[in-house]
Amino acid sequence: MNPHSRRTSSPVKDSGIPALVVGSILPARKARGSLTLASTLATTPTLHEFGVIVLRYVNETLLETPREKWEEWRAFLRGGGVAILIGVDQSIQRYAEKLIGHGLPRLVEQEGETVRWVRGAHLCESLGQGMSYHWSAAVPRAEIGPCPVLGRNGAGDVVAFEVRSDRGWVLFIPALGPSGRDQLVLSVIESARRHVAMSREQREAPPWIAELALASERRLQAEREVLSNKLRLLTAAKRILYEDGGILSRECSRVLSEMLAPSGVTIAYKEDEGAHDIEMVGGTATTLIEVRGSTGPVEVGVVRQLAAHLKSFSAATAEVRGCIVANPHRLKPPADRIPPFTAHCKTESEANRYCLLTTVQLLDIYDRFLQGAFTSAQFVALLSCTVGPLQADSPSWARQT
């Protein structure tokens, strides 16, 4: 056994579920029977041997935790273990992937002592026993998502919550005051032991259960597939904010095609043919589109290149237009992309009656199109009537704060 750990007989009811307390939470004399104390994760016995782990959060000690201990931690959660992290702060987010894989909501820096525990929540019968607490981080109430809430502060922000990881649970709770802390920790451990014991009593589902498809289940799975596909496309579309060259042109072509198809407008990717990048045909008009990425404002050269393409283009429609989709300052966040075009670029595009559209604007329109807040017909009208830079409010995610 590690010299930093001790194990003897427990003062609480021994349910046979081994528990580990890490950090200076309990005095050494409390280590008994199935209760083990250790100073850090790095100095503990094999983690997946335990059913419950109580950890006093200290940024520096987690920073020093070796990789093999994190592997044991993941095995502990896969086995259905319950972890209680005490006294977390904003820095816990840097360990989110190691602690839970994904699903940790955003924590902001706050301080206070008031905790309103949620009646009936996991371990609430132990946590809400008149104990004093201190919290130094909270999840804004609108951002908690699907995570079960254990406790809130006076403003309604979440200061205690839990996250499911594999088959296990990770609970995040505020720091504990000294008065009555020992008994509270032991009570929480016993409640968590009961939870683990009940989970282990559940039987494995027989193979035929997976073959039973309820009508509502099929509907939800179909909806999930549709949403998953939309999310995949939207994630791919965000590439237009930082790419250039052929990758940028192809993704812009895909986005335009998806939005304009309902209006009967066809989009053809032409860059591989050594011509203009994209060709848009709808009704009596053909629009040649040049796509350009830049680490600064987009220069006038792209306007002149589009003019050369239009001069040599033989159109099958009565009207031919020009449009430029630009990704200026592509290595900067959207809020910092000022100005998007040089003065010469704007002047010559207006003189040629070309539409200037940034990838930030295109992505915002695509986002609203997927929400049903902007139609294909509206986009066609916007492209046909815009001369020079498109005048539109920046989306919330592209504004300076």
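Just so it is clear, none of the values below were taken in a lab; they were calculated from the coordinates. No experiment lies behind these values; they were computed from the predicted model shown. Neighbour counts run over all protein chains shown; Cβ positions are idealised from the backbone, glycine included.
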Rounded to the nearest 10 degrees, what's the angle between the helix 359-371 long axis and the longest principal axis of the chain, both from Cα atoms, 0 to 90?
70
Which whole number of Å³ per residue matches the convex hull of the alpha-carbon atoms in region 311-401?
126
When the Karplus curve 6.51 cos²θ - 1.76 cosθ + 1.60 is applied with θ = phi - 60°, which whole-Hz ³J(HN,Hα) does each residue of region 342-351 get, with x for Gly and Pro?
6, 4, 5, 4, 5, 4, 6, 5, 5, 5
What ranking do VAL255, VAL58 get, fewest neighbouring Cβ atoms within 10 angstrom at the top?
VAL58, VAL255
Between ARG78 and GLN378, with labels modelled 7 Å along Cα→Cβ, what's the label distance in nm to one decimal, could you check?
4.8
Of all stretches in the chain that avoid GluC sites (Glu not before Pro) placed in a DSSP loop and having at most 14 other Cβ atoms within 10 Å, the longest is 205-401
Need one number: convex hull volume per residue for region 6-201, Cα atoms only, in Å³.
108
Label-point separation, GLN391 to LEU234 (7 Å along Cα→Cβ), nm
3.0
Which of the aspartates and glutamates could be linked to LYS230 by a straight reach, that is with a Cα gap under 17 Å, when you skip same-chain ones fewer than 8 residues away?
GLU251, GLU258, ASP364, ASP367
So what is the relative contact order for the chain, in percent, with contacts set as C-alpha pairs under 8 Å and at least six apart?
10
Cβ-based exposure ranking for CYS252, CYS323, CYS147, in which fewest neighbours within 10 Å come first:
CYS147, CYS323, CYS252
nm² value of the averaged projected area, convex hull over the Cα atoms of region 239-398
8.5
Full extension from ARG116 to GLU273: what is 0.36 nm times the residue separation minus their Cα-Cα distance, to one decimal in nm?
50.0 nm
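For region 158-253, state the semi-axes of the equivalent ellipsoid (square roots of 5 times the eigenvalues of the alpha-carbon gyration tensor), sorted largest first and rounded to whole angstrom.
So the three semi-axes of region 158-253 are 43, 28, 10 Å.
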Have a look at the DSSP beta bridges in the chain and tell me what percent are antiparallel, nearest 5.
45
Between their Cα atoms, which of LYS311/LYS346; LYS69/LYS238; LYS69/LYS332; LYS270/LYS311 are more than 28 Å away from each other?
LYS69/LYS238; LYS69/LYS332
Using only alpha carbons, build the gyration tensor for the chain and give me the equivalent ellipsoid semi-axes, biggest first, whole Å.
58, 23, 19
5 angstrom amide H check on THR36, placed H, neighbours 5+ away:
ALA19, LEU20, VAL21
